[in-house]
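Just so you know, all these numbers are worked out from the coordinates, no wet-lab data involved. What you see is a predicted model, and the numbers here were worked out from it, not measured in a lab. Cβ sites come from the backbone with ideal geometry, for glycine too, and all protein chains shown count toward neighbours.
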Amino acid sequence: PLQSKQQSVVTFPGELVTSLPDLELAESYLLRFGYVTAAEVGAKTGSKHESLATALRKMQKHLGLEETGELDADTLEAMRAPRCGVPDVGT
Amino acid sequence: FLTFEGDLKWDHMDLTYRVMNYSPDLDQAIIDDAFKRAFKVWSDVTPLTFTQIYSGEADIMIMFGSGEHGDGYPFDGKDGLLAHAFPPGLNIQGDAHFDDDELWTLGAGIVVKTRYGNANGTNCHFPFIFEGRSYSRCTTEGRRDGLPWCATTASYDQDKKYGFCPSELLYTNGGNSDGSPCVFPFIFEGNSYDACTTDGRSDGYRWCATTASFDQDKKYGFCPNRDTAVIGGNSQGDPCIFPFIFLGQSYNSCTSQGRHDGKLWCATTSNYDTDKKWGFCPDRGYSIFLVAAHEFGHSLGLDHSSVREALMYPMYSYIQDFQLHPDDIQGIQFLYGRGSGPKPTIPTPLPTEGPQTMPTEESQTMPTEAGSTSTTEEEGMPEPTTQPIPVDPSQDACMEKSFDAITEINGELHFFKDGKYWTYSSFWKSGIQGAFSVANTWPGLPAVIDASFQDVLTKRVFFFAGQQFWVFSGKSVLGPRNIEKLGIGRGAGRITGALQRGRGKVLLFSGENYWRLDVKVQRVDKGYPRATDDIFTGVPLDARNVFLYQDKYHFCQGSFYWRMTPQLQVDRVGYIKYDLLQCP
């Protein structure tokens, strides 16, 4: 049945108010799990974009996703999925 | 599969593990069992053995923690990172850590193990009917002492089966009070508390005093989570309070009102509008067994796999009937070998066109008609890494006419004969495993043993041969010693079997008599021996093997066995070879 009155949305104390923007989420994910180095994340935008695309492609291949090199919906969903904290690449 | 750089692996097979602390989400026994099964995933396909120790440094130290928990790799609250582990080696290497901001279950929602009552510790059954009303959580209805309870069947009205739910009023975990319940109110730093608190701690674990004053007595314990304990929010671990007021409305159950993501939440005081205390209601949670099995793969030297169905794939997914994937089996056997088979060889790279060319698990482990667990060329399946093993009749349990001893160890039936033994697990249904060498697993034992049993409490394994007995704890052994030390007279013949009877007692059979052994003091009780047929009527008097299996007593003679229920009723007579060994 339809709600009789408009649902109010509450900000609950102690809860993160905003979720990370997609790009920030991607950068932190790729860095944390070894697909990209801190230097690459901090590089100038041109080469940064390139290295992120390469890192995304590497991550997509490693996790059996379609290798697009883009921050598509499947890749973002994978980045938000619960998982093991051990890095995928490197020691 | 991938291993860590340099193929990091353990330099010994008999590994030890220790559980440093426990999540309040699950009863400790359930967590212990899940870890034991998680290790068994790997010991089933390698020569590795895992023994839990309770003090000192183990190879694999296991702990629960939240956020930064001491290793410089912080967890991240609910969801996201679930756990992590370190590759084999000394100190923190090999250790496994689990994020206690998650809700740990067996993957299908909270598991509420009961204590006391009349249900022998079975889990709550939700929903259950009590006085005609349905309950989907523990309740204090019908009691004046405020202790939450539940039915362990669908209807308390009909079956009258119940147990008490986890609650700080019933017991505490850890601390220094041997499980004593909380005392409310208690005084801490001059303040009075009438509920569990996280005050004074930085790790967020809820605790209470087990006397009226912590300031004076310093006695405390950690509070188990109630079944309605919330996750996250700003009062993690506190139970929902029903009814609670939210935006002027009264709520008797969890709600997603006020949220746009549809997640269920509740208040942990009676009025959210004034107190603003809340948390998420329990959901399916994460299976501690599945996540542990993955992390233990890291502890043994496996890195993440890119095969989505493999256990070592980095992302969590709940699988009800878990089976280890061939990719995981190849990986772990590359590091440690297959057990009795050849030593690890470096596999040639697999073709890359996709999973359909990989050997399926059936081709790897299913027994062939001769009862062995190998694959042969005529099955036509590719087998890139091992040579086919010809079937050796002397290794085939089904060729044996009788066995020296039969017993259940770690949930698996063990069949001993002339220095060899086979195992059969009804749980894994992977058929007979072996033959293994007794001397490899239990060094120092003679080739022929007469009887064996595993002590339920300490997991130590006792072996008897002639007038001597041995006690193994993992690989370390005490013995041989003469059975006279147990108080069994010199005149007794060889021990032919043992039945665990609970409360640390084991019945030892010899000839037509039996003794009752107190395992803790390793001495038989007064008033024994007694005649077997005084109690066990309808079974052969001089049975060759007597053992407990799946909670029933088994008496063997020749190729037959008599099975007796705990109520001392013979409920089956069958063939050892076809029923117990499952020979074709």
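The number of residues in the stretch B:478-500 being more than 17 Å from B:Leu457 (Cα to Cα) and in a strand (DSSP E or B) comes to 6.
Condition check for B:Asn440 on (1) outside any loop (DSSP other than H, G, I, E, B); (2) crowded, with 17+ Cβ neighbours inside 10 Å: one failure, at (2). What residue, among those in the stretch A:78-91 that are within 7 Å of chain B (Cβ to nearest Cβ) and part of a loop (DSSP other than H, G, I, E, B), is farthest from the chain's Cα centre (by Cα)? Among those residues, the one meeting the criterion is A:Thr91. Among the residues of the stretch B:40-58, those that are more than 15 Å from B:Ile409 (Cα to Cα) and assigned to a helix (DSSP H, G or I) comprise B:Val41, B:Trp42.
Looking across the stretch B:501-557, just one residue is more than 18 Å from B:Val456 (Cβ to Cβ), of a type in the set (A, V, I, L, M, F, W, C) and without any contact (Cβ under 8 Å) to a residue 24 or more places away in the chain, and that is B:Ala531.
Looking across the stretch B:236-274 at every residue that is within 10 Å of another protein chain (Cβ to nearest Cβ), part of a loop (DSSP other than H, G, I, E, B) and touching a Gly at 6+ places or on another chain (Cβ under 9 Å), the one that is nearest to A:Gly14 (Cα to Cα) is identified as B:Gln236. Scanning the stretch B:210-232 for residues that are touching a Lys or Arg at 6+ places or on another chain (Cβ under 6 Å) and within 16 Å of B:Ser177 (Cβ to Cβ) returns B:Thr210, B:Thr211, B:Cys223. Please indicate, with yes or no, whether at least one residue in the stretch B:392-405 is under 29 Å from the mean Cα position of the chain (by Cα) and hydroxyl-bearing (Ser, Thr, Tyr). So far as the stretch B:392-405 goes, no, none of its residues is under 29 Å from the mean Cα position of the chain (by Cα) and hydroxyl-bearing (Ser, Thr, Tyr).
Taking the listed residues A:Thr75, A:Thr54, A:Thr68, the one that is assigned to a helix (DSSP H, G or I) and away from chain B (no Cβ under 14 Å) is A:Thr54, with no other qualifying. Restricting attention to the stretch B:276-305, the residues that are free of Cβ contacts under 8 Å to residues at least 60 places away in the same chain, within 11 Å of chain A (Cβ to nearest Cβ) and part of a loop (DSSP other than H, G, I, E, B) add up to 2. All of (1) in a loop (DSSP other than H, G, I, E, B); (2) within 31 Å of the chain's Cα centre (by Cα); (3) within 22 Å of B:Phe415 (Cα to Cα) hold for B:Arg503 with one exception: (3).
Residues in the stretch B:148-161 that are under 24 Å from B:Cys281 (Cβ atoms) and buried (at least 16 other Cβ atoms within 10 Å of the Cβ): B:Pro148, B:Trp149, B:Cys150, B:Ala151, B:Thr152, B:Tyr156.
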